[in-house]
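Quick one: the structure is below, questions incoming.
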Amino acid sequence: MSPKARVLVVDDERSMQEFLEIFFRSEGFSVATAPDLSGALMHLEADDFDVVITDIQMPGGTGLDLLRSVQEINP
């Protein structure tokens, strides 16, 4: 069975990354994680994601900065 969708979780708190990764994987989703804006951008440039879940305040930029970049990379 193929994954339902690809999810990118971006959060500087490792415990939140792990919680969301475990939850979404248990529901059949394919999950990648990143701790900050630059890590998320590396994932987004290398692969396609159906959903991005992001923290608002992170080192190196905000979740809103990330969402603007997502729109530019893959409208």
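Confirm whether ARG25 is surrounded by 13 or more Cβ atoms within 10 Å (Cβ to Cβ) and without any contact (Cβ under 8 Å) to a residue 24 or more places away in the chain.
Criteria met by ARG25.
Here's another thing I want to ask about it. Is it true that some residue in the stretch 37-51 is in contact with a Lys or Arg (Cβ under 6 Å, 6 or more places away or on another chain), outside any strand (DSSP E or B) and among the acidic types (Asp, Glu)?
Taking every residue of the stretch 37-51 in turn, at least one turns out to be in contact with a Lys or Arg (Cβ under 6 Å, 6 or more places away or on another chain), outside any strand (DSSP E or B) and among the acidic types (Asp, Glu).
Considering only the stretch 32-46, how many residues are surrounded by fewer than 16 Cβ atoms within 10 Å (Cβ to Cβ) and either in contact (Cβ under 8 Å) with a residue 60 or more places away in the chain or in contact with a Leu (Cβ under 9 Å, 6 or more places away or on another chain) (or both)?
Qualifying residue count for the region: 0.
Do we have PHE49 as in contact (Cβ under 8 Å) with a residue 24 or more places away in the chain and among the aromatic types (Phe, Trp, Tyr) here?
yes
OK, next. Among the residues of the stretch 26-36, what is the count of those that are touching a strand residue (DSSP E or B) at 6+ places or on another chain (Cβ under 7 Å), under 17 Å from ASP65 (Cβ atoms) and in a loop (DSSP other than H, G, I, E, B)?
Number of matching residues: 1.
Let me ask something else about it. Could you tell me whether the stretch 49-63 includes any residue that is at pLDDT below 90 and open to solvent by 60 Å² or more (accessible area, probe 1.4 Å)?
Checked the stretch 49-63: at least one residue is at pLDDT below 90 and open to solvent by 60 Å² or more (accessible area, probe 1.4 Å).
The values are calculated or read from the model by the stated rules, or taken from the named source; none is laboratory data. Please read these numbers as outputs of a predicted model, since none were measured by experiment. Neighbour counts run over all protein chains shown; Cβ positions are idealised from the backbone, glycine included. Heads up: the accessible areas ignore ligands, DNA and RNA and are worked out on the full protein's heavy atoms, side chains in. Shrake-Rupley method; radii C 1.70, N 1.55, O 1.52, S 1.80 Å.
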